[in-house]
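The structure appears below as structure tokens.
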Amino acid sequence: MKRIVTIQDISCVGKCSLTVALPIISAMGVETAILPTAVLSTHTMFSGFTVKDLTDQIVPITEHWKKEKFAFDAIYTGYLGSFEQIEIVSKLFDDFKTDSNLIVVDPVMADNGKLYPAFDEAYARENTKLCGKADLIVPNLTEASFMTGLPYKTQYDRRYITDMLDALAQLGPRYVALTGVSFEEGKIGVMGLNTETKEYFEYYTDRVPVSYHGTGDIFSSVVVGALTRGKSLEEAFRIACDYTKETIELTFREKGADLYGVDFEATLPKLVQRMA
Ligand code: PXL
């Protein structure tokens with residue numbers, strides 16, 4: 001069985017980061033080791049959340065793993081808590097990178113034109129450096145604009161997106177994909193660039209007119225699970241777009257919009273079937 005490690009926080013309530021990555025990637029048939037970077041009472045969109053930073057645990061944990069000679073078919077990072085954590089994770093990449101494994105960085109730090117409350121521009125720059133060490137990065141448009149210095153736009157044409165992808169490719173990853181891309185009213189999806197073949201790829205679904213927290217983490221988790229199971233880049237993104245869209249649609253129908261996140265548990269059986 002393939003094994004990956006995912007490095008992100010545990011938000012105890014409010015489905016995102018490890019509480020979605022672990023169940024989803026496991027259900028896709030991939031052993032999912034975790035490295036929790038912090039424990040929060042909720043994700044940071046609730047007010048008054050508590051945080052216990054676990055930065056001082058990362059090195060002892062990975063030192064033990066090195067002694068045990070653990071290896072991972074993919075290393076997947078999401079929300080990281082601090083500048084210092086990014087530096088430590090960057091060293092972890094050096095320790096656990098092999099010729100055949102895949103480093104996937106979702107540079108979670110911003111959305112809708114703004115950085116998340118915990119982050120500043122210095123964090124964004126360090127996160128950009130970390131992306132340079134990845135094989136695949138999956139920023140949204142806001143994150144990509146912080147990373148490339150290109151302006152954040154809500155109205156744009158194909159040239160804007162391909163320029164953004166080209167600028168992201170300059171950072172170093174083999175594959176770059178922009179999430180939340182929409183060229184047509186009522187449609188949303190992903191456009192990416194495979195720098196090895198120099199080919200762009202894209203896939204769109206109907207847009208469900210609501211947004212939930214944690215759906216980016218669900219999307220990235222599915223991409224990681226599908227790639228680790230041997231799906232092609234294009235197929236992995238198609239599966240992730242379809243699953244995310246269906247999950248948002250079902251959640252909106254069943255309970256309307258809220259902060260808790262989407263009911264991915266209800267759509268998991270279909271995802272498992274698609275992986276069979
Ligand atoms: O979904 C990304 C995410 C993960 N973890 C925490 C967050 C966020 C986004 O705000 O606050 C703690």
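One quarter of the convex hull surface built on the alpha carbon atoms of the stretch 1-43 amounts to 2.6 nm², the projected area averaged over directions. For the stretch 1-137, a simple Cβ point-charge model (Lys and Arg +1, Asp and Glu -1, everything else neutral) yields a dipole of about 240 debye relative to the Cα centre.
Give me the dipole magnitude in Debye, nearest 20, for the chain about the Cα centre, with unit charges on the beta carbon: positive for Lys and Arg, negative for Asp and Glu. It would help to have the intermediate numbers written out before the result.
Details: 28 positive and 38 negative charges, 75 e Å.
Using Cβ point charges on Lys, Arg, Asp and Glu, the chain gives about 360 debye.
Each part gets one Cα centre, and for the stretch 208-276 versus the stretch 169-188 those centres are 17 Å apart.
If Lys and Arg each add +1 and Asp and Glu each add -1, what is the summed charge of the other residues whose beta carbon sits under 13 Å from the beta carbon of Asp9? Could you put the intermediate results ahead of the total?
Details: positive: Lys15, Lys52; negative: Asp53, Asp106, Asp217.
That sum, taken over residues with Cβ under 13 Å, equals -1.
Between Glu31 and Ser211, what is the FRET efficiency for a Förster distance of 30 Å, r being their Cβ-Cβ separation, to the nearest 0.05?
With R0 = 30 Å, the Cβ-Cβ based efficiency is 0.45.
Annotation for the stretch 68-94 versus the stretch 1-62: alpha-carbon center distance of 12 Å. Determine Rg/Rh for the stretch 214-276; Rg is computed over alpha-carbon atoms and Rh is the Kirkwood hydrodynamic estimate from the same atoms. Rg/Rh for the stretch 214-276 comes to 0.99. Distance between the pseudo-spin-label points of Glu234 and Asp111 (7 Å out from Cα toward the beta carbon): 2.9 nm. Using every pair of distinct Cα positions in the stretch 27-93, the Kirkwood expression returns a hydrodynamic radius of 13.6 angstrom. Model label sites at Lys66 and Ser47, defined 7 Å from Cα along the beta-carbon direction, differ in position by 4.5 nm.
Under a no-solvent Debye model with one identical scatterer per Cα of the stretch 28-155, what's log10 I(q)/I(0) at q = 0.21 Å⁻¹? Results for the stretch 28-155 at q = 0.21 Å⁻¹ read -1.34. Distance between the 7 Å Cα→Cβ label points at Met1 and Lys129: 3.7 nm. Projecting the Cα positions of Val20, Leu165, Tyr79 onto the charge dipole of the chain (unit charges on Cβ atoms of Lys, Arg, Asp and Glu, taken about the Cα centre) puts Val20 furthest along the positive direction.
Find the eigenvalues of the gyration tensor of the Cα atoms of the chain, then list the square roots of 5 times those eigenvalues as equivalent ellipsoid semi-axes, largest first, in whole angstrom. The partial results should precede the final answer.
Working: eigenvalues 125, 94, 82 Å².
Calculated on Cα positions only, the semi-axes equal 25, 22, 20 Å.
For the stretch 127-276, a crude dipole built from +1 on the beta carbon of Lys and Arg and -1 on the beta carbon of Asp and Glu, taken about the Cα centre, is about 260 debye to the nearest 20.
No lab work stands behind these numbers, since they all come straight from the coordinates. Here the structure is a predicted model, which means the values were calculated and not measured. Every residue, glycine as well, gets a Cβ built from its backbone with ideal geometry; the counts of neighbours run over all protein chains shown.
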